[in-house]
């Protein structure tokens, strides 16, 4: 187990470095393609309540802000996570002006009525790495794994092509994803 933990930390460092090397133009281009593929999904289109993460720009996470704003303007309920101690609370997005910078530099809603995770149809999740079997490597805090462990909601990870790797070492606590969306398209996990 100790070796797996060391391996995960090394992979996290490697992926952070790879993302940091993306130019602003390349980051925006790749993120735009991912937004297009995500928005084109039938499952995304039919979802009433969608969780999307607000990207940490400095970490070059997939930038979904344009999609968040467009879907919110179109009347869809978009929820963002807010860190509350060791857990996540999900609050509706109601515009950029309702966001404050919280833990780890994450922009999160500062008000609104919490939405129960069971009510969310589709979760769009960040990742540092993902494999074709749905194994997802996050940042190591386990926030999403604890929240999503028993939920039936569709779980979608967005990642750049280079973040798709052969094998992510997962444990029984890790939650797998159903779909992977990269700039090249959609991978359905069987």
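We did not get these values from a lab; they are worked out from the coordinates using the rules stated. Here the structure is a predicted model, which is why all the values come from computation and not from measurement. Backbone-built Cβ (ideal geometry, glycine too); neighbour counts: all protein chains shown.
Summary of computed values
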{"quantity": "Packing-based order for 141-148, 176-183, using average beta carbon neighbours within 10 Å, highest first", "calculated": "176-183, 141-148"}
{"quantity": "Length-normalised contact order of the chain in % [C-alpha pairs under 8 Å, at least 6 apart]", "calculated": "22 percent"}
{"quantity": "Separation in nanometres of the label points that stand 7 Å from Cα toward Cβ, at residue 150 and residue 66", "calculated": "4.0 nm"}
{"quantity": "Antiparallel bridge percentage (DSSP; both residues within the range 2-188; nearest 5)", "calculated": "50 percent"}
{"quantity": "Three-way shape call for the range 1-62 based on the alpha-carbon gyration tensor, with the a/c threshold at 1.5", "calculated": "oblate"}
{"quantity": "Separation of alpha-carbon centers, the range 131-190 and the range 1-49, rounded to whole Å", "calculated": "10 Å"}
{"quantity": "Residue-averaged 222 nm ellipticity for the chain, from DSSP H runs of 4+ at -39500 (n - 2.57), nearest 500", "calculated": "-9000 deg cm²/dmol"}
{"quantity": "Residue-span extension gain [residue 110 to residue 23] - 0.36 nm each, minus C-alpha spacing", "calculated": "28.2 nm"}
{"quantity": "Label point distance in nm, residue 121-residue 16, each placed 7 Å from Cα along Cα→Cβ", "calculated": "3.6 nm"}
